Each structure stands twice: as structure tokens, then as C-alpha cells.
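Since the structure comes first, as C-alpha cells, the remarks are kept for the end.
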Ligand code: SF4
Ligand code: SF4
């Protein structure tokens, strides 16, 4: 089924979100299609880093509260969590749950927060490029997974939504290995598709009430979109969300590759249900897919043309998070400032994604901008 419920919801006010969310679920056939009493349900959020809800980096706690209360009322056991961008430790999770408002949701509702930081190998023989994933044990052991992503732009993949959020099913720093093994955007995106099929949540919800445009997923600008999206199909959901924010779906590698793999070719008549769908004006300001040069060129020229991370001396405090999370260890902190070995950089832009101070900018040369037109 590829139906996507698109629901207008303009503010994070609990009664309003709860009412609109119930409308969305009933348009998709009601909870009984997905959850039964006694199910252990893992609510997989986007908790990328320690950020306050209004910064629009993480799934908003009011949406989580509305979904959690519904699930508990159905008699499900609810475990809330994510494997964030940095280390997957109890301490890191405690800090993130607290800052993002998710701890308060657990206190109010009685849902559990996940503190199991173990991983588990899961075979996936039908994967195109990954036949075995290392996943968070708590997610694997749940009866059902429901994801609640956040509508955002992304410096590496241009967009992060229902498909990309599932990269957080891979525990902590193991994510770096996937970046290292698949530095090419198409390989990485095919891996994300395999992962979405392997994790296979029963329901995908997207918090698009306030999304993020610009230098997402953490250093962009919050932008009102005013929508909740619900679907059992993450590819269909991303397609609709992209349409709403004015990004051509086929420019996103997970979307174009899903079509190439005959997984999802785009909506049919009647696939969108709920409220009227209009593209916001102006459309989202989104980065180009910036790790690639489209023409066959000598390596020294293509290296020059590839965008690169630049560190702001005015903003950087020398905390070393970028160096810690750089998959190939291309960054060393010297004299309290990042020193990048560009030859080793794989353009994953984890440094930009995980810098807590927005001190990393991705720069493209004038020629590179010209050639990508
Ligand atoms: S993470 Fe950001 S603030 Fe910290 S050292 Fe790197 S660039 Fe500077
Ligand atoms: S320097 Fe930044 S973009 Fe380059 S490999 Fe390291 S984390 Fe990725």
C-alpha cells in the first residue's frame, strides 16, 4: 500500500496534534491494522543530537507524546529511542532525552526510554548491496517499529525523512563504517534503501509541522511547513513530503534509486489522502548533492571541484566533536582548531552534521557550482 495521509497541523499544541494525528490514522484504516494489545512497540525518533525542540533538529516531543498516548491506550508497551549521531552510551542518551524533551514525554505518559546500547547482526540476504546489518538490539527485539522522522534538508543526501531516519537503527559509531565502506552517494543511498526494507517499520510518521531547510540536518533554519505525514510506505511518504517543500523527488538518490530498483515509482491517483497538497512558496532552500562531480575528470581536478568542509575560526570552540566523528579520521585538532587532511576526506559531511556549534560550512568552488547547473 502506498497511501500517504497528509494532515494540516500548524502548531505543537498537544490537543491539536493529537486530534489531527487521530484523523491521519483513521484515514489509513485505524490502529487495528498495525498494532494489537500487548505489542512491544519501538518508537524510532530522529534524535540526532542534544538540541532543544524549537531548533527543529529532532522529532518534536508533542508529536511523540500524541503517538505514545494512543499506543498506550491500545494496550501496547512503548519504548522510545534512537541511536543518535555520536556515541551510543547511556550517558549520551540521558543527555539527549533530557534536552530534546523526550524524557518529559516518558515521565508524563509512563512510556519507557531505551537505554539498551547493544547491537545485533541481522541477516538481510535480499539486500542489493548489504546482506547483513548491525542494528540496535532494542529495535530488533521489538514486536513492531514505528518511525517518527523530521522533515529536513541534509548536506550529504539533500533530504532526510522516512527512509534516511532509519540510519539511526545502526548503533552509534558503527555508522562511520557504513560511510567509510560506501563513500559514493549512490552506494550509500542503496544501502539506505536496503536498510529501510530490512528494518521495515509498520508505520512511518513524519513531523513536518516545523521542518528544517538550508544546511540541514542540524545547522539549517527551522521553517514552518504545517503538515503531519503518515504512511506504511517510506518511499511514498518521502515523495509527498518532497513535493510539499518544493524539492523535485527524483533529485534525491533514495527516491530515484528506489524507482530504478522497481520499489516505488511515484504516486498514483488517489495515493494522497487527507488535506489538500500544495507546494510551499518559496520552496525549501536545499543543498545540492554535494559530494559528487558529474563529469569524468582527472582526479586532481575532480578533487578540486568537490565541495569541502570549512571550519569557522570565529565560531569553532575546538571541542573536537568533528574529529571524533570523522569516519576516516581526516581531522586532527591542533592548537584548538580542526586541521583537515583533504586527501582523506570522503565528503560524508558528518563533521558539519555533528558540530554542536554550527562552525562547519560546506564550500563549493565557483567552477563546481557552474558545472553542476
Ligand atoms: S565540532 Fe565544531 S566547534 Fe567542535 S572543533 Fe569541530 S568545528 Fe570546532
Ligand atoms: S572531514 Fe568531514 S566530510 Fe570529510 S570525511 Fe571527515 S567528517 Fe566526512
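Throughout, read-outs are computed from the coordinates displayed, never taken from laboratory work. A quick note: this is a predicted structure, and the numbers were derived from the prediction, not measured. Cβ placement follows ideal geometry from the backbone for every residue including glycine, while neighbour counts extend to all protein chains displayed.
Report the residue, chosen from 153, 68, 279, that carries the largest GNM mean-square fluctuation when the chain is represented by alpha-carbon nodes joined by springs under 10 Å.
Ranking 153, 68, 279 by mean-square fluctuation puts 279 first.
Say R0 is 25 Å: what FRET efficiency, to the nearest 0.05, do residue 112 and residue 329 get from their beta-carbon distance?
Using R0 = 25 Å, I get an efficiency of 0.10.
Starting from the Cα of residue 16, step 7 Å along the direction of its Cβ; do the same at residue 141; then give the gap between the two resulting points in nm.
4.0
Can you give the extra length, in nm with one decimal, that the chain gains between residue 337 and residue 248 once fully stretched, where that is 0.36 nm per residue apart less the Cα-Cα distance?
Once the chain is fully extended between residue 337 and residue 248, it gains 28.3 nm.
Mind telling me which of 16, 164, 44 comes out most flexible in a GNM of the chain, alpha-carbon contacts under 10 Å?
16
Share of Cα-Cα pairs in the range 299-371 beyond 17 Å, in percent?
Working: 1074 of 2628 pairs.
That fraction is 41 percent.
Determine the relative contact order of the range 174-256: mean sequence separation of Cα pairs under 8 Å and six or more apart, normalised by residue count, in whole percent. Can you show the working numbers first?
Working: 80 pairs, mean separation 20.8, N = 83.
Relative contact order here is 25 percent.
Extension gain residue 200-residue 221, at 0.36 nm per residue separation less the Cα-Cα distance, in nm?
4.5 nm
7 Å from Cα along Cα→Cβ at both residue 358 and residue 89: what's the point-to-point distance in nm?
Between residue 358 and residue 89, the simple spin-label model gives 2.8 nm.
Within the chain, what percent of beta bridges assigned by DSSP are antiparallel, to the nearest 5?
60
7 Å from Cα along Cα→Cβ at both residue 312 and residue 174: what's the point-to-point distance in nm?
It works out to 3.5 nm between the two label points.
So how much slack lies between residue 269 and residue 181, counting 0.36 nm per residue of separation and subtracting their Cα-Cα distance, in nm? Please list the in-between numbers first.
On the way: separation 88, 0.36 × 88 = 31.68 nm, distance 3.92 nm.
Separation in residues times 0.36 nm, less the Cα-Cα distance, equals 27.8 nm.
Of the residues 104, 126, 361, which exhibits the maximal mean-square fluctuation in a Gaussian network model of the chain defined by a 10 Å Cα contact cut-off?
Comparing 104, 126, 361 in the GNM, the peak value goes to 126.
Counting DSSP beta bridges with both partners in the range 47-184, what percentage is antiparallel, nearest 5?
80
Calculate I(q)/I(0) for the chain by the Debye formula, one identical point scatterer on each C-alpha and no solvent, and give its log10 at q = 0.07, 0.09, 0.12 Å⁻¹ to two decimals.
Debye intensities relative to I(0), on a log10 scale: -0.28, -0.47, -0.87.
What's the FRET efficiency of residue 54 with residue 319 using the Cβ-Cβ distance as r and R₀ = 25 Å, to the nearest 0.05? Working shown, then result.
Details: r = 23 Å, r/R0 = 0.90.
For R0 = 25 Å, the calculated efficiency reads 0.65.
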